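Below: the structure, in structure tokens.
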Amino acid sequence: MSTTNTSGRRKTAVARIYLTAGSGNIVINGKDYKEYFPTLPLQYIATQSLSVAGELANFDVKVNVNGGGIKGQAEAVRLAISKALIELNPEVKPALRAKGLVTRDDRMVERKKPGRRKARRRFQFSKR
């Protein structure tokens, strides 16, 4: 089997993955995923699509991820793995879609506007 290459994005995080047949090793930016994502919820998010498809021990995943925060990166990895699994086996798409793992979450931080302190927050008004 050859390598499947896909990408996933969340907020400003971008994950590029290379999925190959293997024994379940997940390497993110040269580190094991348990070392890169130290907490259990982040580890669960990163491996969720593999476990829903029942392919946790069948594939090796090499990930390059940058940008955003650690949770956005985990969710970008999850989307990229979901896209790769669908590319290899379209029959897993309904199971992944039922868990909401196929949809790209397009919510982004609103930009700061001129004359404001943040995107919508105004500077404090002083009457006197």
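Derivation of every value follows stated rules applied to the coordinates shown; laboratory data play no part. Note that the structure is a prediction, hence the values are computed from the model and not measured. Heads up, the Cβs are rebuilt from the backbone with ideal geometry, glycines too, and the neighbour counts pull from every protein chain shown.
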**Complete:** (1) closer than 27 Å to V109 by Cα; (2) crowded, with 21+ Cβ neighbours inside 10 Å; (3) not β-branched (V, I, T) all hold for F59 apart from (1)
**Asked** Which is closer than 21 Å to S2 by Cα and touching a strand residue (DSSP E or B) at 6+ places or on another chain (Cβ under 6 Å), of A53, A57, A21, A84?
**Response** A84
**Prompt:** When you look at K11, is it charged (D, E, K, R), surrounded by fewer than 19 Cβ atoms within 10 Å (Cβ to Cβ) and on the phi < 0 side of the Ramachandran plot, yes or no?
**Reply:** no
**Request:** Test each condition in (1) closer than 16 Å to K11 by Cα; (2) exposed (fewer than 12 other Cβ atoms within 10 Å of the Cβ) for E75 and report the one that comes out false.
**Result:** (2)
**Request:** Scan the range 24-35 and give yes if some residue there is surrounded by 16 or more Cβ atoms within 10 Å (Cβ to Cβ) and either touching a residue at least 60 places away in the same chain (Cβ under 8 Å) or of a type outside the set (A, V, I, L, M) (or both), otherwise no.
**Result:** yes
**Asked** Could you say whether any residue in the range 79-100 is within 14 Å of T12 (Cα to Cα) and among the small types (G, A, S)?
**Response** no
